[in-house]
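The values are calculated or read from the model by the stated rules, or taken from the named source; none is laboratory data. Note that the structure is predicted; figures quoted are calculated from it, not measured. Counting neighbours? That spans all protein chains shown, and the Cβs are built from the backbone with ideal geometry, glycine included. Calculation scope for accessible area: heavy atoms of the full protein, side chains included, ligands and nucleic acids excluded. Shrake-Rupley method; radii C 1.70, N 1.55, O 1.52, S 1.80 Å.
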Amino acid sequence: MTPQQNNPLHGLSLEKLITELVAFYGWDILSTAMRFNCFKTNPTIKGSMKFLKNTTWAREKLEGFYLYKFKRMPKPNEAEYLLPPRERGFADGIVPRAPMELTKESIELSQAKAASAFKEKSASHRNPKRTSVKHASKPTSPPRKKGPSDDPADPWGLKNK
């Protein structure tokens, strides 16, 4: 017999997960954190369940929120991150901690920092900084002589003739 996986999501129904999160955080915080329309416009447990059952990426995002913000479990490593939250395991002895206190302002600040870091990372991938290499300087051309078009008083150069 294989030992049971240590994961707070094991045996937890989607309805109970949503109910626990709403009871602790409320719809307003969940709407700000998850950015799901079902949490913002006429939010209900039933309507949210319908959306989350049909939308795998959204359900996995909410399960990740439950694990890492609500239960405050250790963040996954690169290999675990590729697995859906329900399939991730934690070492024996690691137990959930008290839920993270969140406000709309703290969530928005965190999202702004993440967006800024993403922009910087994207910009560095598109335009990698090159080390400056000194090239032999090109000979400079002699200064340009003033031509007729450079004198606003005589645009056709008639005074010089």
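Of 94, 29, the residue with the largest accessible area leads and the full order is 94, 29 (1.4 Å probe). Near residue 95: Cβ cut-off under 14 Å, other residues only, Lys/Arg at +1 and Asp/Glu at -1. The net charge is +2. Taking a ≥ b ≥ c as the square roots of the eigenvalues of the Cα gyration tensor, an a/c ratio of 1.5 or more together with a/b no larger than b/c marks region 63-120 as oblate.
Take the Cα of residue 27, step 7 Å toward its Cβ, do the same at residue 109, and the gap between the two points is 2.7 nm.
What is the local net charge at residue 67, summed over the other residues whose Cβ is closer than 13 Å to its Cβ (Lys, Arg +1; Asp, Glu -1)? Could the numbers behind the result be given before it?
Numbers: positive: 59, 61, 69, 71, 72, 75, 86, 88, 97; negative: 20, 60, 63, 80, 87.
Here the count lands on +4.
The eigenvalues of the Cα gyration tensor, multiplied by 5 and square-rooted, give region 1-124 an equivalent ellipsoid with semi-axes of 23, 21, 15 Å from largest to smallest.
Computed over protein heavy atoms with a 1.4 Å probe, the accessible surface of region 4-126 works out to 64 Å² per residue. Along its three principal directions, the equivalent ellipsoid of region 1-72 from the Cα gyration tensor extends over semi-axes of 23, 13, 11 Å, largest first.
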